[in-house]
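Structure first, commentary second.
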Amino acid sequence: MNNLITVAVNLYNYERFIEDCIQSILNQTYDNFELIIVDDCSTDNSYEKAKKFEQKDDRVKVIGLDKNHGIGYAKNEAIVRSKGEYITTLDADNMMTKKSLEVRLGAAIKNSVSFVYADAIWFRDMGLKDVYKLKKVPITEKSPKNGTTRIHGPTVYNIHSETVLMSRYIYKRYGLYDEDLGCKVDREMWLRLFGKKGIDKTRIPAFFVNKCVAYYRWHSQQVTKKRQKEPKFDKKNKELCEEKYQIRRKDINKDNTRFLEG
C-alpha cells in the first residue's frame, strides 16, 4: 500500500488537546499521509501550538481562518486543499490509535470499497501516553468510562466520524459537508450517503472494521455537551439536518451542495 491519505483536522479553541491529537497522527505506522489542520479563528493558543508541528514535519500544514465559520466550513477547507486519494477527518480533541490509518486503508483496498468505518474508545482526562494503555471495555447504557467502545453495532446507522475513511470520489460525487449546520455535519453526510433505515437505499457500499481506530474524548467543552445544555440549539440543528436530508435525498446538485473539484 502506498496510497496518499489526507488527515483533515478542524480546530477551534482546543489548545489543551491539539498537541496530543497531532502527535497521535504523526505516530502512525502508515506514514504516507498529509495532515491539514484548519484553525477556525481560535481565541486561545491553538493555532500557535499547531503551527510548531508544521515547522518540524513537512507533512503538516496549518491554515488559519480570518473569522469563525463553523465546523462544516473548517472541514471543507481542509478537504479542498487535500491531495489524498483517501480522506479521514478528526476533531482536534480526539486521537488516533497507532495503526489507525494502516487498518482502515488495508480494509478499503482489500474489500474494494470507498467507505470504511470502525470502532472507537471513550476516555476522560488522559494524555496520549495513557490512552495507548487503555483496554477495550464493552459499551453499556451507563455514562461512559475510560476504555468504553463507541459503537453499539456494526451498521451504517451507528457511525462515528473519527473512525471513517472515505475515498476522494465520494466528496466529488456526493459533495462536501454542510456549512449551515452548527453540529451534526457528519450525521447529515451519513443520511446523504446511506439514507434512513428501512426508507432509503444506500448510495454507496460501506465496510465495517471490527477494530478500534480512534480515541474519543469526553469533556465539558465539546459540542455534544453544548447540545445537552442548550435544548434550543440541539432542536434547531436537528430540524435543519432533517431539512437538508429531505432536499438531498431527491437530488444532490451544485445549487444545494458544495462539491470537491478536481
Among residues of the stretch 164-183 being touching a strand residue (DSSP E or B) at 6+ places or on another chain (Cβ under 9 Å) and either farther than 20 Å from ALA108 by Cα or not basic (Lys, Arg) (or both), the residue surrounded by the most Cβ atoms within 10 Å (Cβ to Cβ) is LEU165
Being at pLDDT 95 or above and in a loop (DSSP other than H, G, I, E, B) narrows SER82, SER24 down to just SER82
Check: farther than 30 Å from GLU15 by Cα and either modelled with pLDDT of 95 or more or buried (at least 17 other Cβ atoms within 10 Å of the Cβ) (or both): does that describe LYS244?
Finding: yes
If we ask which residues in the stretch 18-51 are within 20 Å of ARG81 (Cα to Cα) and charged (D, E, K, R), their number turns out to be 5
Residue hits (the stretch 170-191; in a helix (DSSP H, G or I) and under 16 Å from the mean Cα position of the chain (by Cα)) are ILE170, TYR171, VAL185, ASP186, ARG187, GLU188, MET189, TRP190, LEU191
Q.
I'd like to know if the stretch 29-46 contains one or more residues that are hydroxyl-bearing (Ser, Thr, Tyr) and without any contact (Cβ under 8 Å) to a residue 40 or more places away in the chain.
A. yes
Within the stretch 29-46, the count of residues that are farther than 15 Å from LYS61 by Cα, of a type outside the set (S, T, N, Q) and in contact with a helix residue (DSSP H, G or I) (Cβ under 8 Å, 6 or more places away or on another chain) comes to 1
Given the criteria without any contact (Cβ under 8 Å) to a residue 40 or more places away in the chain and either touching a Lys or Arg at 6+ places or on another chain (Cβ under 6 Å) or not aromatic (Phe, Trp, Tyr) (or both), does ASN68 qualify? no
Residue hits (the stretch 192-218; part of a loop (DSSP other than H, G, I, E, B) and either more than 17 Å from the chain's Cα centre (by Cα) or free of Cβ contacts under 8 Å to residues at least 40 places away in the same chain (or both)) are GLY195, LYS196, LYS197, GLY198, ILE199, ASP200, LYS201, THR202, ARG203, ILE204, PRO205
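The values are calculated or read from the model by the stated rules, or taken from the named source; none is laboratory data. Bear in mind that the values here come from a model prediction, so they are computed numbers and not experimental data. Neighbour counts are summed over all protein chains in view; Cβ atoms, including those assigned to glycine, are modelled from backbone coordinates with ideal geometry.
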